[in-house]
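A short worksheet on the structure shown next.
What follows is calculated from the coordinates using simple rules that are stated; it is not laboratory data. Note that this is a predicted model, so its numbers are computed, not measured. FYI the Cβ positions are ideal-geometry reconstructions off the backbone, even for glycines, and counts take in every protein chain you see.
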2 protein chains.
Amino acid sequence: MSKSSPRPKPSQSSKESAPKVSKATTSRLVLYLRELQQLERSGYSTVRSISLGKQLGINDSQVRRDLGALGLAGRPGVGYSVSELTQSIRVILGTDRKWGVILIGVGHLGQALAGYRGFAEQGFHLLASFDTAKEKIGTKVMGITVLSLEKLESTLLKIQVQLAIVAVPSAEAQEVVNRLSRAGVEGILNFAPVNVKLQQGNLSVVNVDLALELQRLAFEVVKKDDE
Amino acid sequence: MSKSSPRPKPSQSSKESAPKVSKATTSRLVLYLRELQQLERSGYSTVRSISLGKQLGINDSQVRRDLGALGLAGRPGVGYSVSELTQSIRVILGTDRKWGVILIGVGHLGQALAGYRGFAEQGFHLLASFDTAKEKIGTKVMGITVLSLEKLESTLLKIQVQLAIVAVPSAEAQEVVNRLSRAGVEGILNFAPVNVKLQQGNLSVVNVDLALELQRLAFEVVKKDDE
DNA sequence: ATATGTGAAAAGTTTCACAGCC
DNA sequence: GGCTGTGAAACTTTTCACATAT
């Protein structure tokens, strides 16, 4: 119940910090943060589990369990401190620090991602971009010079990068992921609509398949239609 | 066990077709389809639950349960017909038909989405695009003339549209969604990083928040780091 | 008075293990 | 032999309901 920095609860592992957050809670964590940042901007200083939940379509008990699992406490009769929650979740997610990001594939989607304001707002900084198309190499896209993909490994030796955004054609995605993996990149946000295989274990991948999301939407509509 | 078109199982509802597929199964449905389409292109005619599952990181029993819940049967000792499965899942998802789609917001992201090949490949056809910026109105983006957002309602009376892609700034998203809802659009793929509220019930929304995905990735990396 | 934190129950999901079919 | 279909067990997640804190 201490008010200071959030601690991972009593803890039972030998190593430091192992909060062991469930998958279900993890999937909601970023949603809480987005809502809390919105509340903070709107000037709220506290929030109750029931209103935070209502905003996200989550049961109030669920919200309290999730926050409890993260070691975040509220005050009975009052609610949770918005700023405390926001800061703590950012620490847990790792978005309190700055992340170096590179972009592979500067097609239409890649260019849009290079200019996406939301990334920088959350601490993600685009440090370099790569493509194989000769006519793009050397040009500036969103203020960043496009490098030849051949320079990938040598560039990664020079700059501090943890994450890569992959926006290349499906056929090239696996090879690009392999090279990023070997070069020591720790996380990949993959926009290529394929299931990339991971050789070793020290690499995380999050997939975003835009056509898949539109298919999910179509299915929702179809389900509603034959209610 | 019939070989013909897949049927929603015995069925207990009064109305036609109500397969009642679980949320968990639903979330995997599009992944099965993507993998099956890949297998089809590679020339496979049958697939076993264990290999389909391995490709997607899913237990083989899970795969059989999912397909069973959809009314899709395999052949013991052989496996599932790739083409039958592909076609049946497309029918279930509703992506066997053509969908009319409009785009609201022709910024960098909107332009990239307008030109995204994967949409048309799955039956989604962009019929019109809208923006409020005077300098964009009347220009062609990916072969489609950008219309004034004021023309939204009048245009929707003329063309057959079920889905809308919303790629406008956060501050404008709610108002755009309200207008789309009133105009009778059935589904919205929302790229604005806000939780839009739905007034009535006959509208589905799927959210894609790109910064959120990058935060999820950062969290995965952080979790691995303190293993 | 109001909202948290949490045991306990309920609901949902995954995995095991094996009978039955090809 | 090999693979599906599925009861039953194991596990996870959600919800209820209320004691406890401010």
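Annotations for the structure displayed:
- If only the Cβ of Lys and Arg carry +1 and only the Cβ of Asp and Glu carry -1, the dipole of the protein assembly as shown around its Cα centre is close to 820 debye.
- Theoretical ellipticity at 222 nm over chain B - DSSP helices of four or more residues, -39500 (n - 2.57) apiece, nearest 500: -13000 deg cm²/dmol
- Compared with the dominant Cα axis of chain A, that is its longest principal axis, helix A:60-69 is turned about 70°.
- Within the listed set B:35, B:84, B:213, the Gaussian network model of chain B (springs between alpha-carbon atoms below 10 Å) gives the highest mean-square fluctuation for B:213.
- For the options B:127, B:72, B:31, a Gaussian network treatment of chain B with springs between C-alpha atoms closer than 10 Å singles out B:31 as fluctuating the most.
- Of B:202, B:124, B:177, farthest towards positive along the dipole that unit charges on Lys, Arg, Asp, Glu beta carbons give region B:99-212: B:124
- For the protein assembly as shown, fraction of C-alpha pairs farther apart than 31 Å, in %: 48 percent
- With the label put 7 angstrom out from Cα along the Cα-to-Cβ vector, residue A:40 ends up 4.7 nm from the copy partners, going from closest to farthest.
- Spin-label proximity, residue B:50 to region B:70-97 - amide N less than 15 Å from point 7 Å beyond Cα toward beta carbon: B:76-80
- Extension gain, residue B:139 back to residue B:179 (0.36 nm per residue minus Cα-Cα distance, nm): 12.1 nm
- Per-residue mean of foreign Cβ neighbours for B:113-121 is 4 (Cβ atoms of other chains, 10 Å radius).
- For region A:99-212, Kirkwood radius (reciprocal of mean inverse C-alpha pair distance, Å): 14.0 Å
- Of all chain A residues, the one whose C-beta is nearest the axis that brings A onto B, in angstrom: A:112, 2
- 10 Å Cβ neighbours from other chains, averaged over peptide B:139-148: 0
- Rounded to the nearest 20, the Cβ-based charge dipole of region B:139-185 about its Cα centre (Lys and Arg +1, Asp and Glu -1) stands at 180 debye.
- Summarising the label geometry, the points placed 7 Å from Cα in the beta-carbon direction at residue A:202 and residue B:197 lie 4.9 nm from one another.
- Considering all C-alpha pairs of region B:7-157, those separated by over 25 Å amount to 47%.
- Computed about the Cα centre, the dipole magnitude for chain A is approximately 860 debye when only Lys and Arg (+1) and Asp and Glu (-1) carry charge, each at its Cβ.
- Note on region A:99-212: antiparallel DSSP beta bridges, both residues inside, total approximately 10 percent of the bridges counted.
- Nearest-ten-degree value, helix B:23-41 long axis tilted from longest Cα axis of chain B: 80 degrees
- For peptide A:29-40, the mean count of partner chain Cβ atoms within 10 Å of a residue's Cβ comes to 3.
- Shortest-first nm distances, residue A:135 label point to equivalent points in other copies (7 Å, Cα→Cβ): 2.3
- At 7 Å out from Cα toward Cβ: residue A:78 inter-copy label distances (nm, ascending): 6.8
- Arranged from fewest to most other beta-carbon atoms within 10 Å of their beta carbon, B:21, A:176 become B:21, A:176.
- Crossing angle, helix A:170-182 versus chain A [Cα axis fit, 0-90 degrees, rounded to tens]: 80 degrees
- Separation of region B:35-96 from region A:183-227 is 18 Å, based on Cα centroids.
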